[in-house]
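All remarks here apply to the structure that follows.
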Amino acid sequence: MLGYYFRLGLRSLRRNPALTALMVMAIGFGVAASMITYAVFRAVSGNPIPEKSERLFTPQIDSWGPQHNIHGEPPYALNYVDAMALMRAHQATRQTLLYPVWLSVSPEGSRGLPVGANGYAVYGDFFPMFDVPFLYGGRWSADDDQRHAAAVVLGEEFNQRLFGGANSVGREIVLGGHAFRIVGVTRHWNPRPRFFALWGSGGFAEPTDFYLPFTRAIDLKLDTAGNNSCRGQPDFSGWDGWLQSTCVWITPWVELDGDAQAAHYRRFLEGYAADQRRAGRFAWAPNVRLRNVVQWLDYQQVVPPESRIALVVALGFFVICLVNTIGLLLAKFMRRAGEIGVRRALGAPRRQIYAQYLLEAASVGLAGGVLGLLLTAAGMSGVGLLFEPQIARLARLDFSLVGLCLLAAVLATLAAAFYPAWRAAQVQPAWQLKSH
Amino acid sequence: MQIKPILAALRRHKAGTVLIVLQIALTLAIVCNALFIIQQRLAHLSEPTGIDEANLFVLSNQWAGEPMSKAQIDAQIRADVAALRQLPSVLDAAPSNAYPLRGGGWDTFIGLTPEQVQPTSDAAVYLGDEHLLDALGVKLIAGRNFRADEVGSVGLRENVIPPVVIVTRELAHRLYPDGSALGKPLYAMSATPSTIIGIVERLQTQSVDAWQQAYAYQAMLWPLRGAWSSGLYYIVRARPGQRDAAMREAPKALYAQNRQRIFDAGDGGSFAQIRARAYERDRGMAILMGVISAVLLAITAAGIVGLTSFWVGQRRKQIGVRRALGARQRDILGYFLTENLLITGGGVLLGLLLAVGMNLWLVVRFSMQPISPAYLGIGVLLLLLLGQGAVLAPALKAARVPPVEATRSV
């Protein structure tokens with residue numbers, strides 16, 4: 001019976017090709033606009049480290065005070081003094097400090113021009129904390145951190161560029177004129193958004209080229225390639241004065257197991273701030289924060305407002321397309337009131353009328369979904385026109401998006417067809433037969 | 001034209017009428033806001049920088065190889081700019097730490113006294129030498145340029161406050177609204193004063209983000225070469241019409257000086273490239289809103305055509321009766337046009353509420369501007385015209401229904 005209904009539906013759709021095309025196009029455009037903007041939104045709003053996001057925290061300490069802080073909130077990063085104090089206290093299961101560095105590198109063996117490389121100065125705990133996967137070798141040890149070792153971990157892509165992807169562990173590399181020993185090569189690892197280094201970056205950069213020990217980077221006076229923010233009247237001059245100043249530029253991360261440890265760490269931060277007040281460094285009450293990954297992403301407003309507005313507008317567009325479809329289906333179905341009357345008079349139950357008309361609508365929805373899929377695929381290549389390249393590149397048409405696209409089209413059309421089908425099923429056979 | 005019979009007929013098509021009203025209302029809400037967003041974004045991305053964009057390009061120069069001392073870097077920068085200035089296609093060149101529309105950079109708080117806690121303004125800092133004004137092509141409207149002997153250099157994390165600065169007119173006005181800025185001091189997060197020796201007409205800041213809007217043209221120039229290990233920008237102004245040649249020659253001239261450097265292709269470039277990069281989001285948003293508005297209007301128009309066609313088909317017999325009873329073709333045409341006007345009018349009224357509501361949400365959630373009534377007016381007019389235009393074809397078809405139709409049974 002359903003096959004027969006399907007053929008009936010197709011015949012009905014063919015009777016008004018322009019109208020059918022209009023419905024299919026409305027659904028297609030609506031679903032495509034929603035899918036394209038959703039793909040971008042999904043890419044920028046995802047949880048970059050779902051397994052651990054509840055256990056990773058970034059502590060903030062207000063070292064600026066009420067006159068200079070950010071509307072009552074502590075600065076987005078730590079100064080060197082506070083950062084080192086947190087490391088020394090070691091109140092977390094794992095902990096790291098980090099800041100971005102940029103260094104030049106001369107490709108080995110070639111007399112070509114030097115190239116730039118982007119990396120982070122971190123502690124050895126960085127790798128297990130953030131579940132960084134390794135291709136060769138591994139992290140450097142806590143002992144290496146203590147010894148300010150000249151160790152370095154390369155990213156897979158960087159290792160590919162410099163060593164053709166070979167196991168480079170144990171070799172030496174010169175970065176920014178300083179020699180480092182390679183202790184590990186990570187697998188491709190580029191969580192997006194790059195939650196651990198959000199301040200001053202959009203969060204959607206290319207994979208990291210290298211990681212080197214924080215302690216070594218400070219020894220070498222490697223300047224931050226990221227933000228540095230000062231308040232008041234900084235009166236230092238030179239590297240050592242800068243380290244002792246209240247300028248903030250270091251992002252700290254701690255791994256805490258469970259609520260109890262998080263509460264403990266929060267108390268520790270408050271205690272630290274209170275100690276600083278007693279020591280005369282801070283002239284204000286403790287003002288600290290301990291945000292986990294999701295809270296931090298939210299606070300730093302990683303999702304560009306454009307992406308959110310675009311998604312909402314596209315969904316509104318889809319709703320209008322559906323309203324349009326309801327109207328057209330209603331007109332189409334009610335025009336066949338006579339036909340329905342005859343069927344009902346011959347004994348067809350309402351259920352059969354529903355089945356027939358919903359099937360017709362579903363085939364429109366499916367056709368709209370297929371068109372929407374094509375438009376989405378075409379739109380994906382045009383996404384670069386709408387969003388910045390580093391964000392546009394993230395949006396891709398994968399299996400789940402294809403499924404979602406078709407499902408959304410069919411379900412939305414069925415939902416839209418429900419009222420017209422209900423009206424069709426309510427047709428009174430006697431009334432229709434009488435008028436003919 | 002009698003309105004009562006039209007209303008009576010619409011009452012028999014409640015569902016269809018409500019759906020069109022709803023569709024028009026939603027369309028109006030989205031189109032008004034989309035047009036407004038487009039206008040805002042276009043206005044934003046056409047703000048002038050104040051510099052000679054047509055002939056300018058920026059080279060992002062990073063130092064490579066063995067770490068150099070501050071003195072070595074400073075010497076290299078002097079040699080570099082001298083080499084650039086000697087190129088026949090180059091009018092002038094200067095070292096700097098930033099350029100307008102870079103997307104972020106150095107800014108500093110400014111006060112009028114050394115003790116001031118709450119700053120008077122925030123301002124972008126452009127470092128450079130006595131050639132920077134010419135290289136940027138900004139217009140000096142008061143005071144003088146830096147002298148060569150006033151230009152110093154600043155090394156890694158040194159906190160150098162220059163004794164003399166040049167400010168933009170906007171910044172001068174913010175600091176000294178009575179127009180007396182020239183010769184007056186300012187304090188850039190320091191107890192050491194800097195004297196304002198020159199005022200330039202306009203120079204945009206490095207960031208065009210929303211938070212910077214309040215300070216968009218508050219900038220100042222410091223007579224310093226940034227002799228940092230990381231690198232700097234060379235701002236190069238070509239002779240008119242020779243920018244492309246200068247862009248080819250400049251890197252070669254610098255490599256001839258010293259090969260231990262890296263030009264970052266993703267940073268700087270011609271000003272057309274810089275401008276495109278800085279306003280990617282705004283342009284994308286304007287395009288997206290434009291496409292959505294266009295498709296939306298097309299779909300709504302097509303929906304009206306479709307539904308009215310059905311109604312005409314349904315009412316052929318009644319139209320025939322009216323014609324047989326003496327109604328002229330233009331009466332039938334007028335009937336459908338008026339019917340559409342009533343429906344669209346209802347939709348537009350509801351749509352105005354939705355449009356304002358949506359705008360309020362955008363204002364609260366994304367701190368956008370409140371919509372100007374002009375855009376609501378444009379939207380209303382657009383949809384009324386759209387409705388009339390869409391209904392015209394089916395209405396003409398209805399008007400052509402012959403009176404004899406009244407005698408035919410369906």
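Where a number appears in this text, it was derived from the coordinates with a stated rule and is not lab data. Quick caveat: nothing in here was measured; it's all calculated off a predicted structure. Virtual Cβ from ideal backbone geometry, glycine too; neighbours counted across all protein chains shown.
Its relative contact order, with pairs defined as Cα atoms under 8 Å and 6+ residues apart, puts chain A at 28 percent. The ranking of A:Val132, B:Val356, B:Val404 from fewest to most other beta carbons within 10 Å of each one's beta carbon is B:Val404, B:Val356, A:Val132.
Using the Kirkwood radius built from alpha carbon pairs, what does the Stokes-Einstein equation give as D for segment A:63-255 at 25 °C and 0.890 mPa s, in µm² per second? Taking Rh from Cα pairs, D becomes 141 µm²/s.
Restricting the trypsin sites (Lys or Arg not before Pro) of segment B:219-319 to loop positions (DSSP other than H, G, I, E, B) with no more than 14 neighbouring Cβ atoms within 10 Å leaves B:Arg259.
Work out the length of the dipole vector of chain B about its Cα centre, built from +1 on the beta-carbon of each Lys and Arg and -1 on the beta-carbon of each Asp and Glu, and round it to the nearest 20 debye.
On the way: 40 positive and 29 negative charges, 612 e Å.
That gives chain B a dipole magnitude of about 2940 debye.
Take the Kirkwood radius over Cα pairs of the protein assembly as shown, plug it into Stokes-Einstein at 37 °C and 0.692 mPa s, and you get 104 µm²/s for translational diffusion.
Sorting B:Glu405, A:Glu206, B:Glu158 from the fewest to the most surrounding beta carbons within 10 angstrom yields A:Glu206, B:Glu405, B:Glu158. The helix-based estimate of mean residue ellipticity at 222 nm for the protein assembly as shown, built from -39,500 (n - 2.57) per DSSP H run of four or more residues and divided by its residue count, is -16500 deg cm²/dmol to the nearest 500.
Give me the angle, in degrees from 0 to 90, between the Cα long axis of helix B:243-257 and the longest principal axis of the Cα atoms of chain B, rounded to the nearest 10. Tilt relative to chain B: about 30 degrees. Taking only the C-alpha atoms of chain B, Rg followed by Dmax gives 32.2, 103 Å.
For every other residue with a beta carbon closer than 14 angstrom to the beta carbon of B:Leu288, add +1 if it is Lys or Arg and -1 if Asp or Glu, then tell me the sum.
Working: positive: A:Arg308, B:Arg41, B:Arg281, B:Arg283; negative: A:Glu306, A:Glu388, B:Glu280, B:Asp282.
Its environment carries a net charge of 0.
Using every Cα-Cα pair within segment A:14-171, state what percent have a distance larger than 28 Å. All intermediate terms of the calculation are to be shown ahead of the outcome.
Values: 6236 of 12403 pairs.
Taking all Cα-Cα pairs of segment A:14-171, the fraction more than 28 Å apart is 50 percent.
Over chain B, Cα pairs under 8 Å with separation of 6+ residues give a relative contact order of 28 percent. Summing +1 for each Lys or Arg and -1 for each Asp or Glu among the other residues whose beta-carbon sits under 9 angstrom from that of B:Ala406 gives +3. With R₀ set to 30 Å, the beta-carbon distance separating A:Leu407 from A:Lys52 gives a calculated FRET efficiency near 0.45. Scanning chain A for GluC sites (Glu not before Pro) lying in DSSP loops with no more than 14 further Cβ atoms inside 10 Å, the longest uninterrupted stretch between such sites is A:109-436. The local environment of A:Pro420, defined by Cβ-Cβ distances under 12 Å, has a net charge of +3 under the rule Lys, Arg +1 and Asp, Glu -1. Which whole-angstrom value gives the distance between the alpha carbon centres of segment B:259-332 and segment A:248-295? Measuring centre to centre over Cα atoms gives 53 Å. With the charge dipole of the protein assembly as shown set up from +1 on Lys and Arg Cβ and -1 on Asp and Glu Cβ about the Cα centre, the Cα lying farthest toward the positive end among the listed residues B:Gln213, A:Gln356, A:Val427 is that of A:Val427. If you count Lys pairs in the protein assembly as shown whose Cα atoms are under 22 Å apart, skipping same-chain pairs closer than 8 places in sequence, the total is 11.
Put in line by how crowded their Cβ is, counting other Cβ atoms within 10 Å and starting with the fewest, A:His71, A:His90, A:His264 read A:His71, A:His90, A:His264.
What you get for chain A, charging only the Cβ of Lys and Arg (+1) and of Asp and Glu (-1), is a dipole of about 2720 debye around the Cα centre.
Taking all pairs of different Cα atoms in segment B:66-259, averaging 1/r and flipping that mean, what Kirkwood radius in angstroms comes out?
On the way: mean 1/r = 0.0579 Å⁻¹.
About 17.3 Å for segment B:66-259.
Taking 8 Å as the Cα distance limit and 6 or more residues as the minimum spacing, I'd like the relative contact order of segment B:66-259 as a percentage.
35
Translational diffusion of chain A was estimated from the Stokes-Einstein equation, with Rh taken as the Kirkwood radius over Cα pairs; at 10 °C and 1.306 mPa s the coefficient is 61 µm²/s.
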